[in-house]
1. Out of every Cα-Cα pair in the stretch 61-199, what percent are more than 25 Å apart?
2. Rank Leu208, Gly160, Gly80 by how far each Cα sits towards the positive end of the charge dipole of the chain (+1 on Lys, Arg Cβ; -1 on Asp, Glu Cβ) and give me just the farthest.
3. Full-extension gain between Lys5 and Thr63, please, as 0.36 nm times their residue separation minus the C-alpha to C-alpha distance.
4. Which length gain, in nm to one decimal place, applies between Thr174 and Val259 when the Cα-Cα distance is subtracted from 0.36 nm times their residue separation?
5. May I ask for log10 I(q)/I(0) of the stretch 134-245 at q = 0.15, 0.21 Å⁻¹, from a Debye sum over the Cα atoms as equal point scatterers with solvent left out?
6. Are there any helices in the chain, counted as whole DSSP H runs, that stretch 27 Å or more along their axis by Cα and score at least 1.6 on average by Kyte-Doolittle, and if so which?
7. When only Cα pairs under 8 Å and 6 or more residues apart are kept, what is the percent relative contact order across the chain?
8. With every protein chain present, what is the per residue accessible area of the stretch 1-92 (1.4 Å probe, Å²)?
Amino acid sequence: MKSKKELSDYLLEKYSPQTVKIYLLDIRRYIGYMGEDRAENATYRDIMEYTGYLRRIYQNPRTISRMLYGVKAWYFYLIGTGQREDHPCRQIKLKDARGGDVQLQDLFTSIEMEKLMQRKERFKDAKLRNKVIISLLIYQGLRLTEITRLRTGDIDLEAGTIYVRAMPRTMARTLKLKTNQVMLFYSYIHELRPKLLRTGTDRLVLTLRGSAENGEGINYLIETFKPMFPERNLNARTIRQSVITNMLKEVKDLRVVQVFAGHKKISTTEKYRQSGIEELQAAIEKYHPLG
């Protein structure tokens, strides 16, 4: 494996030492099967072949999914170090994995999501950028694509609002920023973003290399938080579902939550209420105690 120490150091910035140890083993196993050159240039089809190989050896889909986390982390490393421009397996999900409906066991409380804002970061620039992204996920409940489409002009710091553009599945809306977000966004827009910027883009969220964020980096960022909730399915979707669920539980007004979430149909919002979410949320809090 090329630059093993560099890879290890890179992963240690994102994951715990124990997780890195496991991921390095998974990556070594993957490269051993594929061959280094093929692995570095692998396509979606190549990795599906590898997934089939794992299925012949392991029967538990959770085990296979866990082994693929290391492979996915390796490709994020290749992207982050400029060795690849695309991620060939970020979207791979096992056919026997859970579907896209609200998975009640994966919902997070507001307190749990707030922990994502409190993690210590080694690098100051990464800390500020990452907090901006995480805040948009846990406070405004934005979709990943909505975040990548934000422009600097969509943030009104004086009014303390953010304009979210319409998408095929969601309506345009103007949302309030939390008090702590106002100073956070001010520092990012006026101090860090000009320093990062390498192109003429007006997109709000940039990569640490100065280009407009296309979503790969956000997915990778979320991946680095998974060790905090090893038994839960943490991703942009489950964070958004948690935000909507928690808000509906608090305000109990479908129309208010519909506008907040940008749902085009009230029935989309209503499914969060009809799923018995409040009862399960109580169970989650009972069996996943905080502190």
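The values are calculated or read from the model by the stated rules, or taken from the named source; none is laboratory data. Owing to the predicted nature of the structure, the values given are computational and were not obtained by experimental measurement. All Cβ positions, even for glycine, are placed from backbone atoms using ideal geometry, and neighbour counts span all protein chains on display. All accessible areas refer to the heavy atoms of the entire protein, side chains included, with ligands and DNA or RNA removed. Shrake-Rupley method; radii C 1.70, N 1.55, O 1.52, S 1.80 Å.
1. Working: 4065 of 9591 pairs.
For the stretch 61-199, the share of Cα pairs beyond 25 Å comes to 42 percent.
2. Value: Gly80.
3. Values: separation 58, 0.36 × 58 = 20.88 nm, distance 2.60 nm.
Gain in length upon complete extension: 18.3 nm.
4. Working: separation 85, 0.36 × 85 = 30.60 nm, distance 0.92 nm.
Value of the extension gain: 29.7 nm.
5. -0.68, -1.31
6. Working: long enough: 61-80 (28 Å, 0.28).
Span-like helices, by this rule, are absent here.
7. On the way: 300 pairs, mean separation 54.1, N = 291.
Rounded, it is 19 percent for the chain.
8. Values: 4930 Å² over 92 residues.
Heavy-atom SASA per residue in the stretch 1-92 reads 54 Å².
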